[in-house]
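Here the structure is laid out as structure tokens; the discussion comes afterwards.
The values are calculated or read from the model by the stated rules, or taken from the named source; none is laboratory data. What you see is a predicted model, and the numbers here were worked out from it, not measured in a lab. Quick reminder, even Gly has a Cβ in these numbers, built from the backbone with ideal geometry, and neighbours come from all protein chains shown. Heavy atoms of the whole protein, side chains included, go into the accessibility calculation; ligands, DNA and RNA do not. Shrake-Rupley method; radii C 1.70, N 1.55, O 1.52, S 1.80 Å.
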Amino acid sequence: MYRTIYNGELRISDINKEVELVGWVAKKRNLGSLTFIDLRDRTGICQIVFKENDLEFASKLRNEYVIHVFGKVIERESKNKNLPTGDVEVLVSKCEVITTSETTPLIIADETDALEDTRLKYRYLDLRRPIMQKKLFERAKITKTMRNFLDDEGFIEVETPVLGKSTPEGARDYLVPSRVHPGEFYALPQSPQLFKQLLMIAGFEKYYQVARCFRDEDLRADRQLDFTQVDIETSFMSEQEIRRMTEKMLYKVMKEVKGIEIKIPFNEMTWQEAMDRFGSDKPDVRFGYELNDLSDIFKNSEFKVFKECLINNGLIKGIVIDNQASMSRKDIDKVTELAKKYGAKGLVVLKFINNNFEGSAAKFISELEKEALVNKLNLKEQDVLFIVSDKFNVVSDVLGFLRCYFAKEKGLIKPNTFAFLWVIDFPLLEWNDEDNRYYAKHHPFTLPKMEDLPLLDTDPGKVRASAYDVVLNGYELGGGSLRIYDPKLQEKMFEVLGFSEQQIKDNFGFFVDAFKYGTPPHGGLALGLDRVAMILTGSDSLRDVIAFPKNASAKCPMSDAPSKVSDKQLKELHIKITD
RNA sequence: GGUCUUGUGGUGUAGUGGUUAACAUGUCUCCCUGUCACGGAGAAGAUCGCGGGUUCGAUCCCCGUCAAGACCGCCA
């Protein structure tokens, strides 16, 4: 036996107990004939004291040594109100060094000085920091709460294969070469989509899985190569029922993990409304700065930029930022640069000062237009109006970004506020100019809205889907849909997407076959567990809630993966490196 | 694939066309009986990412390269 109690659990009620403790030396304070050591384990730290005969031993102890301590719990002469264990300390009677430690390359404390690269290289030390442990404990609690909820609701957890079949749609697949079948490859799942639908056909009715998913795309602060989804599928449930159930689950998570009672049901917004008002299909609704359509006001504009935009079926929209008129030429240039990054050709900036507009484009605005703007936008002194004129997508992207940018700049985003939202009625399809065809916005198995079915032949881009996303603070937490269960409709979908008979057979043959044998209406959703954990722990990056993440260039700085393999391995896999 | 930013003792930063390369923290030694970001005194520790160029002289300017970060593209 190593310990009788955890370090972080010692309290005044333990006084006079003889205890055994283990842990890491977090800090040593040598006062001459008295030495204090903060001993850390996963529960926290407690102070141990060395006196008299033990002082020589204490002098040999260094940070991060693992030690085994025997002693008596005593009340402190001077207490520390900042520590849960601050009323007591352990007077050492015997101490053993279990293992020693070299000087660590980073400071093991909540406030470490190391950059992320160093932290990832020595991740096992980074994870020794109490704040990192707290985040992973919190993540585990989120998973556990979800599992408990789904178990209680009668769901069965089923594991689906990691080695599967490559599918053409969606993200780039991670491929795994087959040794037994030269020239053939497995793909790692981007999601267990097909399998969970097959489980519905099999008749399980309620399935879930905490599933690892893989996508070979570039990383971001909120994107990893491999990530975890809480994947859910149900039979015989309506869209509303699935949403209500998801809300109940998130309610429970928020209550048990954060102690916050969120409002359910969540607000709902159609995709069209989200795009029109916020320029995003995952809007952060913790602040305003909504988009306004100004096309009408400028319909007779003499301003060349606006005029040409409207002729080319574009539109003119703007956002109003309050108390922003003090921004300098330099600030405006910076914001314009950012806008260009999101595809804008330019940005019209109008300051509202002394009941008039200032800015390089102000001279192109007629008196009539000015009046209309002031009335429509309810402008106040020192407001600044940012206008973008372009195609719908560009206008939305740019203004959607700018509203978030200014909200951050102005500190409108308060920590520990959570704005959940459903975005519903997504478009079924998305046109791709490059490939000159439609792609499924969600995936090819998404059920179109029944009332929009006739449009599938006449105007496929207008068809809405029974698809929904749950959004939190501007992040897409997850999404789902009802699935097609009529083989004829599925055939039609493949047709609209431009798949040939052969392609369907090769890629989805087994799946299409299964639908011939009695398919229940079904649907579900998948929640990005990493993102939920990131937001609930108040982290800026997914990497803070994943134990061993990849860095931005898809490498693991600790293990140095990916790495070269031997010629022997390559030969077995029938693979040749060409460049 | 692209844009931008960064690279200086173990760690994190400052700085300069000619320096003994600065500061904090960490490390080591000595002193200290109530510390808890302990305090005091001292010491060690850096080919200024790598290669080339400009220059009498480059850590500094230029080019290339490598590495890291943020974002765009991409992520059904």
Taking region A:532-548 and keeping only residues that are within 9 Å of RNA strand B (Cβ to nearest atom) and in a loop (DSSP other than H, G, I, E, B), one is left with A:Asp540, A:Ser541
Counted residues in region A:414-438 being within 8 Å of RNA strand B (Cβ to nearest atom) and more than 21 Å from A:Gly279 (Cα to Cα) come to 1
| Within region A:447-464, is there a residue that is within 19 Å of the chain's Cα centre (by Cα), at pLDDT below 95 and in a loop (DSSP other than H, G, I, E, B)? | no
Only one of A:Thr99, A:Thr103, A:Thr160 is in contact with a Phe, Trp or Tyr (Cβ under 8 Å, 6 or more places away or on another chain) and open to solvent by 50 Å² or more (accessible area, probe 1.4 Å), namely A:Thr99
Within region A:23-36, restricting to residues that are open to solvent by less than 20 Å² (accessible area, probe 1.4 Å) and touching a residue at least 40 places away in the same chain (Cβ under 8 Å), the one that is nearest to RNA strand B (Cβ to nearest atom) is A:Val25
Across region A:495-504, the tally of residues that are over 16 Å from A:Lys516 (Cα atoms) and not in a loop (DSSP other than H, G, I, E, B) stands at 5
Of the candidates A:Asn292, A:Asn323, the one satisfying the condition of being at pLDDT 90 or above and open to solvent by less than 70 Å² (accessible area, probe 1.4 Å) is A:Asn292
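What do you reckon, is A:Thr145 closer than 24 Å to A:Glu233 by Cβ, hydroxyl-bearing (Ser, Thr, Tyr) and out of contact with any strand residue (DSSP E or B) (no Cβ under 9 Å at 6 or more places or on another chain)?
yes
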Answer with yes or no whether A:Glu184 is open to solvent by 40 Å² or more (accessible area, probe 1.4 Å) and more than 26 Å from the chain's Cα centre (by Cα). yes
The number of residues in region A:40-74 that are more than 8 Å from RNA strand B (Cβ to nearest atom), free of Cβ contacts under 8 Å to residues at least 40 places away in the same chain and not basic (Lys, Arg) is 8
Exposed (fewer than 14 other Cβ atoms within 10 Å of the Cβ) and under 20 Å from A:Gly343 (Cα atoms) - does that describe any residue in region A:273-289? no
Restricting attention to region A:489-499, the residues that are within 13 Å of A:Leu447 (Cβ to Cβ) and open to solvent by 20 Å² or more (accessible area, probe 1.4 Å) number exactly 2
Quick check on A:Lys144: is it basic (Lys, Arg), at negative phi and within 13 Å of RNA strand B (Cβ to nearest atom)? no
Contact list, first residue from region A:186-214 and basic (Lys, Arg), second anywhere and away from RNA strand B (no atom under 16 Å from the Cβ) and at pLDDT 95 or above, beta-carbon distance below 6 Å, six or more apart or interchain, is A:Lys206/A:Gly154; A:Lys206/A:Phe155; A:Lys206/A:Thr234
When restricted to A:Asp530, A:Asp544, the only residue touching a strand residue (DSSP E or B) at 6+ places or on another chain (Cβ under 7 Å) and open to solvent by less than 50 Å² (accessible area, probe 1.4 Å) is A:Asp530
Please work out if A:Gln209 is at pLDDT 95 or above, within 12 Å of RNA strand B (Cβ to nearest atom) and touching a strand residue (DSSP E or B) at 6+ places or on another chain (Cβ under 8 Å). no
The one condition A:Leu10 fails out of (1) under 17 Å from A:Leu83 (Cα atoms); (2) more than 12 Å from RNA strand B (Cβ to nearest atom); (3) loosely packed, with under 14 Cβ neighbours inside 10 Å is (3)
Counted residues in region A:345-389 being open to solvent by 20 Å² or more (accessible area, probe 1.4 Å) and part of a strand (DSSP E or B) come to 5
Within region A:154-182, residues being more than 16 Å from RNA strand B (Cβ to nearest atom) and touching a helix residue (DSSP H, G or I) at 6+ places or on another chain (Cβ under 8 Å) number 3
